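Before any comments, here is the structure.
Please treat every number below as a calculation from the coordinates, not as lab data. Here the structure is a predicted model, which means the values were calculated and not measured. We place every Cβ from the backbone using ideal geometry, glycine too, and count neighbours over all the protein chains shown.
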Amino acid sequence: MLTLAVIVPLLGALALAALPLDAARARPVATAVAGVPLALLLLVWATYDASGGFSAQAEMPWIPSLGIAWRVGVDGMSLSLALVSAVIFVAAIAWPIRVSDARAYHAWMLFLAGVSTGLFVTLDLVLFYVFFDLSLVGMYFLVGRWGHGDAQAAALKFFVYTLAGSLLILVGIIVLALSMPDLTFDMRAIIAAPPLSGPVAGLVLLALVAGFGIKTPVFPLHTWLPPAHVNAPGPVSAILAGVLLKMGAYGLVRVALQMVPEAFARHALPIALLGLASILWGALVACAQDNLKRRIAYTSVNHMGYVVLGVAVAGSGLGPEAARQIALTGAVVEMVAHGLITGALFLVAGAIWQRASDHDMGHFGGLAGPAPRLAGLATLAAFASLGLPGLAGFVAELHVFLGAFAVYPWIAAAGLLGILLTAALFLSMLRQVFFGELPATRADFADLTRRETAILGALLALVVLIGVWPAWLLSLIDAGSLVPTLGPGG
Amino acid sequence: MIWALPLLPAIAGLALWAAPPPRPGAAAAVMAGLTALLAALLAGAAGHLAWSEALPLRASLPPLAAVVAVAVPLVALPVLLFAAADRGPALPRLLGLLLVFVGAMELVVIANDLVTLLIGWEIVGACSWALIGHRWREAAPMGSAAYAFVATRAGDLGLFVALFATFAATGSTGYDALSRLEGAPLALAGWGLLVAAAAKAGQVPFAPWLLRAMDGPTPVSALLHSAAMVAAGVYLLARLQPTLAAAPGAAAGAMVLGLATATLGGVAACRQVHAKKVLAASTSAQTGLMIATVGAGFPGVAILHLVVHAAAKAALFVAAGLAHRATGSFDLHGMRLGRALPRAAALAAPAALSLAAVPPLAGGWTKEEMVAAMGQAGPAAAMGGIVAGGIAAAYSARFWLLAFAPGDRAAGHVAPPRGGAIALALLSGATLALSALWLAPVRDAVARGAGVALPAGATAATAASLAAVALGLLAGVAMARRPGPAPRSDWLGLPHLIDHAVVRPVAALARGAARLDDAAIDGQRAGLGAATGLVGGVVGATLRASRAAGRGGERLADLPSRGGARLASLTGRDLGRLQTGLAHHYYTILVAGLAAGIALLFLGG
C-alpha cells in the first residue's frame, strides 16, 4: 500500500511527461494522481495499528549484500507527516496558477510528491537518502524554471547548499550502517540497537545535525531559504515550506535522535540553543522584511526553531519523562501545523503575486475591500501562525514550551519572546496588505476564485480542527514511542 | 455541559455574522440574555475535556465566578442594543464579534486550569484586535488594534511562564496544582499571573493600550472597559488570589501596582478632554483599585466592585456615544448637552455618581469596602485608596458636567436612537438596583451567596474617604469650569516612553539583524563563489548545453507528437541541466562522502 503511494505519483509524473496530453488538462490529471497517495495513506491510517512499532510494513530485497532493501512502514510521526505532505501536494497542485509548459510543471510536482511520500514512509536509510536528494532535484527545477526574479541563482544556491547538507548526512548514514554488527541500512534494526558510542557517535551526530539543520533550516544555516522562497511560484513555496523543510526536521528525529540517542543526549543543550537562536533570529529578521514572501520565509526559520527546541528537549535525557514526551509531541505537531499554515500563507502570497506581480507590502493596503475572502483566510492563517489558541500552531507551541520549560527553563523563557515578535510582525503584515486605505492602482484587485477559496479553506479547516480538537492527532503521533529511554549520558 | 457557556455566545456570534437575521440587534441581545440565564443555571457545575492526553481542560463555576459569568452577558445585552442602534458599518460583524468576545470571556471565567484559562485569555485578546480594528478602512484603527494585541500579549507571556512553572513543578496544569507550589515556581506563578493581569487590566506600564483602543467603535469600548478584557485581568487575580498571596512579594506588588495606576490613571483622566479617553483612563484607575483590593486579600470585594463598575462604565460609554451622535465629536469642550439630551443626561448621572463613589449609589458602597480592605493591609494602602478615590470623584464629576451639564445647545436637535436610550436606561437602572448593596440584608445575602468575605471597616478611614470624595467632587466642579487644552501626551507621557524605550529599539534591532542576515547571504555568495566557481562553471556550461538541447528538444517535440519524442524533449530540457553537469560533482561528492565515512570509522574503531 505504501509502496503504491510512492510509485503512483512517480508513474504519473512519467506519464504526464511522456503522453501527448493537452496542457490544459495537466492540472486536473495531476491533481487526481496526487490524490491517490492521499487516499492510500488514509487507508493505512484507517487500518493503523497503534500498538507501537511500524505499521503497513513491506519489504523487497534490492542489494542484499549491502543490506539495502525496499523497506516501507509508518509509525505515528511518519504517517502524520506523510498525510500532511499528501494534503499539501494536492492543494498545491490543484492551485490554479498560470505556468508555461504546464505538463512539465505538473510532472515535476508529481515527481516531488512521490519522492516526498517515499522519504516519510521508507525504512531503509539508503532509500531515505536517495529520496532526500531527489527532492532537491525536483525542487531545483521547479524553482529554477518556473520561478521569477533571480530564480536560477536562488535555485542553484538552494541546490548547492542542501547538497552539501546531504553529503554530511550520507557520511553519517554510512558510518551508522557500517558499525552495525551485520551491515544493514534497515532503520528498524538501527533504532532498536543504536550501534555508536563515544567520539564517533559525537562526530556522526554533528554531521547529521548540520546536514538536517541545513534543510530544516536552523540558524545560521538558513540563508538559502529566503531567496528560494522569494523567487519560487506560490504553490512551489508552499511545498518547500510545508513539505521539504519537514524532511530536515523529520530526519533530525528519525536519524539523529533515534539512531544516535546517546550522543544526542550529551549534546542536547547546544542543539536546544540552536533552536532558540532560530526562534529569535527568525522572528527578529522577519520583523524587518518589507517583502511579503521574505517575511513569511523568515517566520519559517522561527517556527522550525520551535521544532528543533522540542526535539532537543526530547533527546536531552533530562527532566521528567512526561515533559520530554510533551516536547516531542509539540515538535511533531509543529511540523504538521507549520506545513498547513505556512503552506496556506504561501498560497496567499502566490495569489497576490498572480494578481499584482508584486510582493512589496508597502505597495498594498486595503485589499480586504476588493478581496474579502482572501483577507479573511489570510487573517486566519496569520493568527494560526502567531499561535492563537483554537488553531493548530498554539497546540504545537504550547506542548514544545511546556516540555522545554521543565528541562531548559531559561531557553524556554527566552524563546517566549519569539511568540511576541511573531504577533507583532503578522499583525503589521495584515495591516499593511489588507487593511487601511486601498491604493488606487489596486482598485480592480480580484478576490479569490471559488477553487482557490476551497483549497485554502480546506487547509485552514484542518488547522482549525487540530486547534480545537487536537486529541486525535496527538494520539496518532504517540511521541512516547519516539523518545529514547536511556538516561543522561547513556 | 458547562462548556456550553462559552460555546453558546461564540457560535451564535459566528452564525449571526455569517448569516445575519433581519433584526440582528434583537437576536444578539436575546443570545446575551440566554447566556446569562445559562450561567445562572450552571452555577456550581464542573466539566472535564480530554483535549490532549497530557493536558485535559477543566472548567468549574464556583459562586464568585458565577457572579461574573452572569454579569458579563447582562452588561453585554444593553451594549448590543446600543450597537444595533448606533448603525455603524458592518453591523452583523460587530454584533457577532461582540458575542464571540462574550464567549471567550466566559471561557476565562469558567476555566479551572491554566491551559483553559490561556485559551480563553488569548481569544479575548484576538477578539479585542478584531473589534478595535472594526473600521479597518480608516488608517488608525488597525494600528491601534495591533498595539493593543501586542501589548496585552506581552503581558500574556507572564501567564505562559506561570503555566510552565506550574507544570514543570507539579506535572499538572490545574488550579489545584497552584496550591502545591513552593519556592521559585511559586514566585514565577504568582508574579507571572500578576503581569498577565496587569496587561489585560490596563495597569502601568501597559496602560496606554487602553487609550489606543478608543479607536474602536463606542459599543466595543463600552464592553471592553466594563465586563470583558479589562475585567479578565481583575477576575484572574481574584480567582487565583491564594497563589498571589502565597507568592513572595506578589500581593504587595499587586497593591503597589494597583494604587500607582489608580492614582496616575486618575490624574491622566482629569487631564483628558476627549470623552472616551477620560473614561478609558478612569478604567485603568478603577481596575487599579480592584487589583490593590485583591492584593490586600479581599478578592470578593474586588469582584463586587468589578460588577458595579461594569454597569456604571458601560452606561457612561453609551452616554458618550449618544453625545458623540449629537455633536459629531468626542471633544468635551462645548458639549454640555443637558438641554439637548435631557434624558441621557439624567440617566448618565447615577452612573457618574456611582463611579465617583458617592453614597448612596452602588459604587460608593463597594469603594468604601475596598478602602476598608486596603486598611487591613496597612494605613499606607488605605491612604492610597482614599487619595485615588478622591481623584475618581474629581474625574467623574468633571466628565458629567462637561458632557451633560445644561448648556447652550437646544433640545430636539438630534434625538438619540431608541436602542441607545434603552441601553442607557437599562445600565443606569442596573446601577440603581445594585445600590441596594447599601441595605444590610441585601449585602449579607450577597456576601453569603457569593462567598464574599467583607472587611471590617474603620470609622476614621471611612470618614476620611468620604471627605476625599467630597473634596474630589468640588475639584471636579472647578476643573469642569476650565477644561483646558488637550494634553500634549496621553497618559502622562507613558506611550512616548514605551515607544522610545521598547518599540523603536526593537525595530532598530530587527533592521540591524536583517542587514546582518543579508550581509551573511552576500558573504556566502562571495564565499560560495570559490566553492561554486567549479560548480558554477560546470553549471553555466550545462545551462548553455541544455538550452541547446532544449531547443533541439523543442524541435523534436514539434514532430508528430509521439510519447518518446516528448520524453526526449523533457529530458533534454530539464534532466539535461542536471545530469550532464552537476552530476559529476554529485558523484564526486558521493564517493568523497563514502571515503570520509570509512575514514571516520577507522579513526573511531
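Structural remarks
- Cα-based shape type of the range A:1-265, given that a ≥ b ≥ c are square roots of the gyration tensor eigenvalues and the cut on a/c is 1.5: oblate
- Net charge of neighbours whose Cβ lies under 14 Å from the Cβ of A:P470, counting Lys and Arg as +1 and Asp and Glu as -1: -4
- Working from the Cα coordinates of chain A, the gyration tensor eigenvalues give, after taking √(5λ), semi-axes of 34, 27, 19 Å in decreasing order.
- Taking every lysine pair in the protein assembly as shown that is 8 or more places apart or spans two chains, those with Cα atoms closer than 18 Å amount to 8.
- Cα gyration tensor category, rounded, prolate or oblate, for the range B:218-354 with a/c compared to 1.5: prolate
- 15 Å beta-carbon shell around B:K276, net charge (K/R +1, D/E -1): +3
- For peptides B:127-138, A:272-283, A:306-317, A:141-152, sequence by mean Cβ density within 10 Å, most packed first: A:306-317, A:272-283, B:127-138, A:141-152
- Zero-based 10 Å bins, Cα pair distances in the range B:287-487, whole percents: 10, 34, 33, 17, 6, 0
- Highest-first arrangement of B:363-369, A:327-333, A:425-431, A:264-270, where packing means the average Cβ count within 10 Å: A:327-333, B:363-369, A:425-431, A:264-270
- Tilt relative to chain B, helix B:114-132 - C-alpha long axis, 0 to 90 degrees, to 10: 80 degrees
- Altogether, the Stokes-Einstein calculation at 20 °C and 1.002 mPa s, with the Kirkwood radius of the range B:108-175 over Cα pairs as Rh, returns a diffusion coefficient of 164 µm²/s.
- With contacts taken as Cα pairs under 8 Å at a separation of at least 6 residues, the range B:1-89 carries a relative contact order of 34 percent.
- Global geometry of the range B:1-248, whether rounded, prolate or oblate, following the gyration tensor of its Cα atoms and the 1.5 cut on a/c: oblate
- Magnitude of the charge dipole, the protein assembly as shown, Cβ model with Lys/Arg +1 and Asp/Glu -1, debye to 20: 2640 debye
- Rounded to the nearest Hz, the phi-derived 3J(HN,Hα) couplings of the range B:426-437 under the Karplus curve 6.51 cos²θ - 1.76 cosθ + 1.60 (θ = phi - 60°) are 4, 5, 5, x, 4, 4, 5, 5, 5, 5, 4, 4, where x marks glycine and proline.
- For the protein assembly as shown, the C-alpha radius of gyration sits at 1.01 times the compact-globule guess of 2.2 N^0.38 Å, with N the residue count.
- If you take the alpha carbon atoms of the range B:297-415 and fit the smallest convex hull around them, that volume is 89 Å³ per residue.
- Using alpha-carbon coordinates, inclination of helix B:183-200 to the longest axis of chain B, degrees: 70 degrees
- Normalised contact order of chain B, rounded percent, pairs of Cα under 8 Å and 6 or more residues apart: 12 percent
- Cα-based helix-to-principal-axis angle, B:140-170 vs chain B, degrees rounded to 10: 80 degrees
- Mean separation of Cα contacts under 8 Å, 6 or more apart, over the residue count of the range A:28-184: relative contact order %: 21 percent
- Neighbour net charge for A:T449 - beta-carbon separation under 12 angstrom, K R +1, D E -1: +2
- Only one residue of B:W51, B:F317, B:W121 has its Cα farthest out toward the positive end of the dipole of the protein assembly as shown, where Lys and Arg carry +1 and Asp and Glu -1 on Cβ, and that residue is B:F317.
- For A:D124, the residues whose modelled amide H falls within less than 5 Å of its own, excluding neighbours fewer than 5 places apart on the same chain, are A:R71, A:M187.
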